[in-house]
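What follows is one structure encoded as structure tokens, with my remarks underneath.
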Amino acid sequence: MVKQIIKRTLPFAAVLLFGTGIRSTASAQGFYWGPRVGLNISGLTKTTFAKARARANFGMMAGYKINDIVGLQAEALYSLQGSKMTNQNDVYSYNYIKIPVLAKIFLVGGLNIEAGISFDWLVRAQHKWTSDVYDSNNDLVETIEHHQSLMNDSRRFDLTIPVGVNYQFSKLFDIGVRYDISTIRTSEDSKNRAKNSNWSVSVGLRF
């Protein structure tokens, strides 16, 4: 258990330490770091029975604006994703630790487009559903909630290509919209071709 916690928190600590160090030594050169938080609209592609879910993402970022046109940014995020079954109460959760590495091209002022590659590790996969229990008079007695782990049936790694639009304000904040293009299917079953589909809107605090 301790080993798992260390593995999950190490990327966040690394980015935090990296950002702290560069802020104190080279902030005048265009370095910045800070927390990010956002909203995911996630689902699965290549399936007709799934619909999107709204979930959260949060973590840390560190970046360097090389000049007025080009910048680089790395992040460590905990991203809650998944989908729902259409017209049913089945809910699927896929939670990832994501390490995006992005190149930024600045267009006008703080407006920039970003693209890169993201290394995503699955840390939790679960299927949740409910069933109703009725008595002999067909009256509802109780609703039972069920949980099933999907870790053994899921791919533990996904390589995604994040692309998006971001705006860095002159002080402190930035806001962006991003879409992650998944390249690896979520299931170990070769017949299941579903992949992650994830839109996100996030806000960053830059120091």
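Structural remarks
- Taken as a whole, the structure places Leu150 among residues that are in contact with a His (Cβ under 6 Å, 6 or more places away or on another chain), touching a residue at least 24 places away in the same chain (Cβ under 8 Å) and not aromatic (Phe, Trp, Tyr).
- Test: residue in segment 100-123 that is among the hydroxyl-bearing types (Ser, Thr, Tyr) and in contact with a Pro (Cβ under 7 Å, 6 or more places away or on another chain): yes
- Taking the criterion of being modelled with pLDDT under 95 and hydrophobic (A, V, I, L, M, F, W, C), the residues of segment 37-65 that qualify are Leu44, Phe49, Ala50, Ala52.
- Selection within segment 67-76 - at pLDDT 95 or above, open to solvent by 10 Å² or more (accessible area, probe 1.4 Å) and either in contact with a helix residue (DSSP H, G or I) (Cβ under 9 Å, 6 or more places away or on another chain) or charged (D, E, K, R) (or both): Ala74
- Selected residue (criterion: nearest to Gln126 (Cα to Cα)) from residues of segment 171-198 that are assigned to a loop (DSSP other than H, G, I, E, B) and open to solvent by 50 Å² or more (accessible area, probe 1.4 Å): Glu188
Results for (1) among the basic types (Lys, Arg); (2) closer than 23 Å to Ser149 by Cβ; (3) out of contact with any Ser or Thr (no Cβ under 9 Å at 6 or more places or on another chain), shown as yes or no for each residue.
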{"residue": "Gly71", "(1), (2), (3)": "no, no, yes"}
{"residue": "Gly82", "(1), (2), (3)": "no, yes, no"}
{"residue": "Met85", "(1), (2), (3)": "no, yes, yes"}
{"residue": "Ile99", "(1), (2), (3)": "no, no, no"}
{"residue": "Ala103", "(1), (2), (3)": "no, no, yes"}
{"residue": "Gly109", "(1), (2), (3)": "no, no, no"}
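- Take the conditions (1) open to solvent by 10 Å² or more (accessible area, probe 1.4 Å); (2) among the small types (Gly, Ala, Ser); (3) in contact (Cβ under 8 Å) with a residue 60 or more places away in the chain; Ser131 misses just one of them, which is (3).
The values are calculated or read from the model by the stated rules, or taken from the named source; none is laboratory data. Nothing here was measured: the structure is a model prediction, and the numbers come from that model. Using ideal geometry, Cβ is built from the backbone for each residue, glycine included, and neighbour counts are taken over all protein chains shown. Each accessible area value is taken on the protein alone, full model and side chains, heavy atoms only, with ligands, DNA and RNA left out. Shrake-Rupley method; radii C 1.70, N 1.55, O 1.52, S 1.80 Å.
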